[in-house]
Amino acid sequence: MGDVVLAIETSCDETAAAVVDGRRIASNVVASQAELHSVYGGVVPEVAARHHLTTVNAVVDRALDEAGVTLGDVDRIAVTRRPGLIGALLVGVATAKALAYATGKPLVMADHLHGHVAACWLEPLALDPPFVALTASGGHTRLDLVDDYAAPRLLGQTLDDAAGEAIDKGARLLGIPYPGGPGLEALAREGDRTAFDFPVGLRSRGPDQLDFSYAGVKTALLYATRDLGDDGVQARRADLAASYQEAIVRPLVDRLMLAADIHGVPAVSIGGGVAANGRLRELVEQAASGRGLRVAIPDRALCTDNAAMIGAAAAFTPAIPWPDYVGEDAIATAPPGGIAA
Ligand code: KG4
Ligand code: ZN
């Protein structure tokens, strides 16, 4: 083996551990808490933290087992340090620190968004820079120019809600249980995406800007459901879902392509939970192939939260030698510029 990283990710509601050996994923274990939170209609931070605590050791053991390695074979331990729910992050950070300290190994404190971008570095995609990366998740929506995996450069981002947030809130309005993304996608497949003309954010700012806005489309869906009334919504649910999904994914694709044109890169990538969306994947594929761009679309399991992507980010984040990380902490917020490497 070459450079074996045990990675841990607990920033939100997935307890995840993975073993990554260079660009190869040796194991990638995710224990989702989604069902636990669905009764509340969203993630309850305290519940998430407690559940990470009861699950994390078993998930780490499973990741080592599935990779066929022991802790002794691991060269570095990596963990998501930021951004995320503080109580949830703390469980991963405390676990990783303890494992690294007890075994005398270096620790990498990685950035969650960096992980979403670095997922494309892993095999089989093995994407090399330069490229433009779209990251669309529950908390973030951004475009980065990646000349170097160690330092993605922000090109544009949402000015209000994240795409995933808009998806989850829209799904809720349509009576789809948490997590809304997969349910909205399934319902949208039955509907007509041209049925409702929902506003596409920031169109008025002109064609060459790379930011996003999702507050307007969310409000438009709310008004549409009010106008239709309960029976009307029931009858048009699939059309509403399809039109709403279209209004969310279109600007993601358009601005990703625009950024690729402006920066003259040969490739684009997508990542984050929203990149698991089939309609987004299809549109990105079409638009990129029409322009002769290479497009890196990770497996769905590498788009939604996972630890393999943290193992990838660890390849581009300085390791802290034993035992200097003992005083390091989790951080809830993203750093200025959005991604720490
Ligand atoms: O990256 P992620 O797993 O967690 C965060 O870092 O936030 O992203 C979660 C987001 C949620 O808003 C979820 O509804 C959305 O990704 N999502 C989807 C799909 N699967 C997950 N959105 C649309 N279509 C999907 N299939
Ligand atoms: Zn994420």
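The values are calculated or read from the model by the stated rules, or taken from the named source; none is laboratory data. Small disclaimer: the values here were computed from a predicted structure and weren't measured. No Cβ is skipped: glycine too gets one built from the backbone with ideal geometry, and neighbour counts run over all protein chains shown. For the accessible areas, the whole protein counts, side chains as well, though only heavy atoms, and no ligand, DNA or RNA atoms are used. Shrake-Rupley method; radii C 1.70, N 1.55, O 1.52, S 1.80 Å.
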Computed from the beta carbon distance with a Förster radius of 30 Å, FRET efficiency for residue 169 and residue 263 to the nearest 0.05 stands at 0.40
Stretched fully, the stretch from residue 329 through residue 228 gains (0.36 nm per residue minus C-alpha distance, one decimal, in nm) 31.5 nm
Distance in nm between residue 282 and residue 192 label points, each 7 Å along Cα→Cβ, equals 1.7
Expressed per residue, the solvent accessible area of segment 119-227 in Å² (1.4 Å probe) is about 45
Karplus ³J(HN,Hα) for segment 296-312 (6.51 cos²θ - 1.76 cosθ + 1.60, θ = phi - 60°; Hz, whole; x = Gly/Pro) runs 9, 10, x, 3, 4, 5, 9, 8, 6, 4, 7, 9, 4, 5, 6, x, 5
Using alpha-carbon positions, the gyration tensor of segment 164-231 gives root eigenvalues a ≥ b ≥ c; with a/c under 1.5 called rounded, otherwise prolate if a/b exceeds b/c, else oblate, the class is prolate
Mean-square fluctuation maximum in Gaussian network of the chain, Cα pairs under 10 Å, restricted to 285, 185, 35, hits 35
Helix 45-67 sits off the longest principal axis of the Cα atoms of the chain, rounded to the nearest 10 on a 0 to 90 degree scale, by 60
If unit charges are put on Cβ atoms (+1 for Lys and Arg, -1 for Asp and Glu) and the dipole of the chain is taken about its Cα centre, the option from 95, 223, 180 lying farthest towards the positive end turns out to be 223
Connecting every pair of Cα atoms under 10 Å apart in the chain and solving the GNM, the largest mean-square fluctuation among 277, 306, 28 falls on 277
For residue 105, the lysines lying under 16 Å Cα to Cα, once residues fewer than eight places off in the same chain are dropped, come out as 97
Gyration tensor on Cα atoms of segment 128-297, a ≥ b ≥ c root eigenvalues, a/c under 1.5 rounded, else prolate if a/b beats b/c, else oblate, says prolate
Quick calc, residue 70 & residue 322: beta-carbon distance into FRET formula, R0 22 Å, rounding 0.05, result 0.75
Percent antiparallel among DSSP beta bridges confined to the chain, rounded to 5, stands at 60
Rounded to the nearest 10 degrees, the helix 86-103 long axis (Cα) sits at an angle to the longest Cα principal axis of the chain of 20
In degrees rounded to 10, the 0-90 angle between helix 278-291 Cα long axis and the longest Cα principal axis of the chain is 90
With 0.36 nm assigned to each residue of separation and the Cα-Cα distance removed, residue 299 to residue 150 gains 51.4 nm
If each part is reduced to its alpha-carbon centroid, segment 209-239 and segment 291-334 end up apart, in Å, by 34
Across the alpha-carbon set of the chain, Rg over Rh with Rh taken as the Kirkwood radius works out to 0.98
Rounded to one decimal in nm, the spacing of the 7 Å Cα→Cβ label points at residue 103 and residue 123 is 2.1
Where a ≥ b ≥ c are root eigenvalues of the Cα gyration tensor, a/c under 1.5 meaning rounded, otherwise prolate if a/b exceeds b/c and oblate otherwise, segment 68-198 counts as prolate
Note: residue 205 to residue 32 extended length (0.36 nm per residue) minus current alpha-carbon separation gives 58.4 nm
Along segment 145-152, Karplus-curve 3J(HN,Hα) (6.51, -1.76, 1.60; θ = phi - 60°) to the nearest Hz, with x for Gly and Pro, reads 8, 10, 8, 8, 4, 6, 8, x
Given unit charges at Cβ for Lys, Arg (+) and Asp, Glu (-), the dipole magnitude of the chain about its Cα centre in debye, nearest 20, is 340
Among 306, 270, 212, the residue whose Cα sits farthest towards the positive end of the charge dipole of the chain, when +1 is placed on the Cβ of each Lys and Arg and -1 on the Cβ of each Asp and Glu, is 212
Per-residue ellipticity at 222 nm attributable to helices in the chain (runs of n ≥ 4 DSSP H, -39500 (n - 2.57) apiece, nearest 500 deg cm²/dmol) works out to -14000 deg cm²/dmol
Reported to the nearest 10 Å², residue 169 has, with a 1.4 Å probe, an accessible area equal to 90
The ³J(HN,Hα) series, computed from each phi in segment 169-176 with the Karplus coefficients 6.51, -1.76 and 1.60 at θ = phi - 60°, rounded to the nearest Hz and given as x for glycine or proline, is 5, x, 4, 4, 4, 9, x, 8
